[in-house]
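Colleague: One structure follows; several queries about it will come next.
The values are calculated or read from the model by the stated rules, or taken from the named source; none is laboratory data. Please read all numbers here as calculations on a predicted model, not as lab measurements. We place every Cβ from the backbone using ideal geometry, glycine too, and count neighbours over all the protein chains shown. For the accessible areas, the whole protein counts, side chains as well, though only heavy atoms, and no ligand, DNA or RNA atoms are used. Shrake-Rupley method; radii C 1.70, N 1.55, O 1.52, S 1.80 Å.
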Amino acid sequence: MGKVKIGGYAPISVQSMTKTRTSDIPATLAQIHALEDAGCDIVRVAIPDLTSARALKKIKQESEIPIVADIHFHHNLAIQAIESGADGIRINPGNLNSKEKVRKIIKVAKERAIPIRIGVNAGSLEKDLIKKYGSPTPQALAESSIKWIRFFEAMEFFDIKVSLKSSDCLSTIQAYQLAAHASHYPLHIGITEAGTPFTGTIKSCIGLGILLFEGIGDTLRISLTGSPVDEVRVGQQILKTLNLREKGIEIISCPTCGRCEINLLSIVKEVEERFSSLTHPSLKIAIMGCVVNGPGEAKDADIGIAGGKGTGLIFKKGIVIKKVKEKDLVKTLFQEIEPLISKA
Ligand code: SF4
């Protein structure tokens with residue numbers, strides 16, 4: 001997908017999707033650049049009309065990151081998006097309502113060597129499969145994906161990745177498990193319509209966590225009713241937690257309790273905002289509420305702080321190196337971290 005490899009032993013990539021009108025080029029570019037800064041690997045944009053498909057040309061010129069055009073219903077939008085320079089397209093063959101239209105898209109994608117994601121969706125499954133299974137079961141989703149894979153293969157088109165989406169977390173897991181056993185194509189995993197950042201993050205961590213732990217999934221997107229940058233952060237954190245991505249800067253913090261004398265939450269947020277999107281180097285930062293357990297509990301951290309009454313300690317590998325006033329705590333911590341990052 002553009003410069004990003006998907007499948008085989010390639011690192012699992014994190015995707016997101018812009019939430020602007022794609023025809024609003026400045027707003028879409030601003031969101032794409034924010035996603036690039038957050039370390040997003042691939043970004044998808046909605047193509048609901050020809051104006052959006054044509055806007056892709058300008059968007060592509062000013063983006064570093066591979067752009068996927070998200071297409072529903074109209075095959076001509078897919079063709080225009082490819083002509084505007086999309087690095088990949090995502091179609092739901094089930095809602096194009098014509099095999100001939102799917103063939104036309106495949107033909108143009110093949111000429112331009114553009115990969116296609118076959119996005120099977122519980123909401124638009126073929127009628128014959130609904131009749132066979134009674135509802136969009138995981139088996140029905142997996143069977144639909146295999147049917148479309150064979151259709152693409154019959155046209156000698158193999159640059160395929162597949163997604164099987166249902167808003168039910170357990171059905172999605174089962175559908176991907178079935179698909180992973182039935183084909184060798186890369187899988188784009190995600191829990192669709194997962195909800196707000198709170199519920200969506202939990203559903204995604206459970207669903208994608210189980211799949212990734214089983215070795216299923218080549219690229220992922222977290223769907224949140226919220227900021228796309230948060231989608232990327234959650235996706236990156238899932239991969240880091242499973243040791244599937246270089247940890248980069250890891251921030252650990254205590255839950256606080258009655259011993260905490262500083263505003264730990266605001267400090268953690270400040271540190272996270274400044275450092276969490278850095279993928280290099282591997283550095284563990286501990287933000288602890290008090291000295292009672294702070295440096296001791298976090299002694300494997302490269303650097304950390306432990307709050308006190310109006311003061312705080314800065315420690316490295318559990319050894320206290322400085323005592324500073326609370327108001328200078330974050331500033332001093334940043335001063336100590338910067339050389340550690342630039343040295344690496
Ligand atoms: Fe409580 Fe201190 Fe432990 Fe934080 S580090 S949870 S403030 S005892």
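Colleague: Can you give the charge dipole size of the chain about its Cα centre, rounded to the nearest 20 debye, using +1 on the beta carbon of Lys and Arg and -1 on the beta carbon of Asp and Glu?
Modeller: Result for the chain is approximately 160 debye, rounded to the nearest 20.
Colleague: Helix 99-112 versus the longest principal axis of the chain: what angle, 0 to 90°, nearest 10, using Cα atoms?
Modeller: Between helix and principal axis, roughly 60 degrees.
Colleague: Once phi is turned into θ = phi - 60°, what whole-Hz ³J(HN,Hα) does the Karplus curve with 6.51, -1.76 and 1.60 give for every residue of segment 8-14, x standing for Gly and Pro?
Modeller: Whole-Hz 3J(HN,Hα) from phi for segment 8-14: x, 9, 5, x, 6, 8, 10.
Colleague: In debye, nearest 20: dipole of segment 131-208 around its Cα centre with unit charges on the Cβ of K, R (+) and D, E (-)?
Modeller: With Lys and Arg at +1 and Asp and Glu at -1, about 200 debye.
Colleague: Note the angle between two axes, namely the Cα long axis of helix 138-154 and the longest principal axis of the Cα atoms of the chain, as a number of degrees from 0 to 90, rounded to the nearest 10.
Modeller: Tilt of helix 138-154: around 60 degrees.
Colleague: How big is the dipole moment of segment 249-343 about its Cα centre under a simple scheme where the beta carbon of each Lys and Arg is +1, that of each Asp and Glu is -1, and everything else is neutral? Debye, nearest 20, please.
Modeller: Working: 14 positive and 12 negative charges, 66 e Å.
Dipole of segment 249-343, to the nearest 20 debye: 320 debye.
Colleague: State which entries of LYS3/LYS203; LYS101/LYS203; LYS58/LYS147; LYS240/LYS327; LYS5/LYS269; LYS3/LYS57 exceed 26 angstrom in Cα-Cα distance in the structure shown.
Modeller: Working: LYS3/LYS203 30 Å; LYS101/LYS203 35 Å; LYS58/LYS147 36 Å; LYS240/LYS327 32 Å; LYS5/LYS269 32 Å; LYS3/LYS57 17 Å.
LYS3/LYS203; LYS101/LYS203; LYS58/LYS147; LYS240/LYS327; LYS5/LYS269, as the Cα separations exceed 26 Å there.
Colleague: So what is the calculated 222 nm ellipticity per residue for the chain, using -39500 (n - 2.57) for each DSSP H run with n of 4 or more, over all residues, to the nearest 500 deg cm²/dmol?
Modeller: Calculated at 222 nm, the ellipticity per residue is -13500 deg cm²/dmol.
Colleague: So, one more: Using alpha carbons only, how many degrees (0 to 90, rounded to 10) separate the axis of helix 329-343 from the longest principal axis of the chain?
Modeller: The angle comes out near 60 degrees.
Colleague: Something else: Of GLY217, GLY39, ILE79, which is farthest towards the positive pole of segment 13-241's charge dipole, taken about the Cα centre with +1 and -1 on the beta-carbons of Lys, Arg and Asp, Glu respectively?
Modeller: ILE79
Colleague: Could you work out what % of the accessible surface of segment 13-241 is carbon and sulfur, using a 1.4 angstrom probe and leaving DNA, RNA and ligands out of the count? Working shown, then result.
Modeller: Values: 5150 of 9370 Å².
Answer for segment 13-241 is 55 percent, counting heavy atoms of protein chains only.
Colleague: Using only protein heavy atoms and a 1.4 Å probe, report how much of TYR185 is accessible, in Å² to the nearest 10.
Modeller: 20 Å²
Colleague: Still on this model: Only bridges with both residues in the chain count here: give the DSSP antiparallel percent, nearest 5.
Modeller: In the chain, approximately 25 percent of DSSP beta bridges are antiparallel ones.
Colleague: How much space per residue, in cubic angstrom, does the convex hull of the C-alpha atoms of segment 190-344 take up? Can you show the working numbers first?
Modeller: Working: hull volume 18.9 nm³, N = 155.
Taking only Cα atoms, segment 190-344 has a hull volume of 122 Å³ per residue.
Colleague: Could you pull out every residue, at least 5 positions away or on a different chain, whose amide H is within less than 5 Å of the one on GLU250? Hs are placed 1.01 Å off N in the peptide plane, and Pro or chain starts have none.
Modeller: For GLU250, whose amide H was placed from the backbone, the distant partners under 5 Å are LEU283, LYS284, ILE285.
Colleague: Given segment 45-162 reduced to its alpha-carbon atoms as identical point scatterers, what log10 I(q)/I(0) does the Debye formula return at q = 0.19 Å⁻¹?
Modeller: At q = 0.19 Å⁻¹ the computed log10 ratios are -0.95.
Colleague: If you roll a 1.4 Å probe over the heavy atoms of the protein chains, what accessible area per residue do you get for segment 249-343, in Å²?
Modeller: For segment 249-343, the solvent-accessible area averages 53 Å² per residue.
Colleague: Same structure, new question: With both bridge residues required to lie in segment 206-330, what share of the DSSP beta bridges run antiparallel, to the nearest 5%?
Modeller: 55 percent
Colleague: Reachable aspartates and glutamates from LYS325, Cα under 18 Å, same-chain residues fewer than 8 places away excluded?
Modeller: Qualifying aspartates and glutamates at Cα under 18 Å: GLU261, GLU270, GLU336.
Colleague: Under 18 Å from the Cα of LYS60, which aspartates and glutamates turn up, not counting those fewer than eight places away in the same chain?
Modeller: In chain and number order, the partners are ASP24, GLU36, ASP37, ASP41, ASP49, ASP70, GLU83, ASP87.
Colleague: With just the Cα atoms defining each centre, how far is segment 219-260 from segment 20-87? Give it in Å.
Modeller: 26 Å
Colleague: Classify segment 13-241: rounded, prolate or oblate, from the alpha-carbon gyration tensor (a ≥ b ≥ c, eigenvalue square roots; a/c under 1.5 rounded; otherwise prolate if a/b is larger than b/c)?
Modeller: Values: a/c = 1.70, a/b = 1.07, b/c = 1.59.
Here segment 13-241 falls in the oblate category.
Colleague: Among 70-80, 150-160, 311-321, how do they line up from the highest to the lowest mean number of other beta-carbon atoms within 10 Å?
Modeller: Listed from highest to lowest mean packing, they are 70-80, 311-321, 150-160.
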